[in-house]
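The values are calculated or read from the model by the stated rules, or taken from the named source; none is laboratory data. The model shown is predicted, which means the values in this text are computed figures rather than measured ones. Cβ sites come from the backbone with ideal geometry, for glycine too, and all protein chains shown count toward neighbours.
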Amino acid sequence: MSRKMRVGGMVPLTTLDGLHSAGIKPAAFARAVAGADWVGFDVKALAEDAPMLTGVPGSGKANWRSLELLLASGVDYECRTTVHWHLLQPARLLLLSQRLQALGVKRFAVQMVRTARMLDPQLPSTPQQVLVPDL
């Protein structure tokens, strides 16, 4: 069933099923999640590591605040992290998964980066199977 809602107080939206977000603006995310039936939520990294990945100060704090709002909302969700092994060490990924579990996250997917679609030309585009470390 679709519902009408306003995000940012401006544009009426009709939601059908899903919302895909990294929650970069927690207040707007809270309004949007209220009208969602399901959320695909991108957890970029541990809160303290996210600014290194995104280049945006405070991005980890915003991402994790939105995650808290999502978990409190009761809306069905999947959390996911896209991994490039030159940016996220296996030990940090393990710690990330442990923190998510401690918060009560039930569904967490790890996605391998698609190197052909990367925006940063400085990152190596080594094939995925070469990048997977021994854990």
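Worth a mention:
- From the list A32, A22, A62, A50, the one residue that fits, being farther than 30 Å from S125 by Cα, modelled with pLDDT of 85 or more and either surrounded by fewer than 18 Cβ atoms within 10 Å (Cβ to Cβ) or of a type outside the set (V, I, T) (or both), is A32.
- Residue match in the stretch 103-119 (condition: farther than 21 Å from P26 by Cα, modelled with pLDDT under 85 and among the charged types (D, E, K, R)): yes
- Taken together, the criteria place A91 among residues that are more than 15 Å from the chain's Cα centre (by Cα) and either surrounded by 17 or more Cβ atoms within 10 Å (Cβ to Cβ) or free of Cβ contacts under 8 Å to residues at least 40 places away in the same chain (or both).
- Matching option when the condition is farther than 25 Å from M112 by Cα, β-branched (V, I, T), at pLDDT below 95 and surrounded by 15 or more Cβ atoms within 10 Å (Cβ to Cβ), among T15, T82: T15
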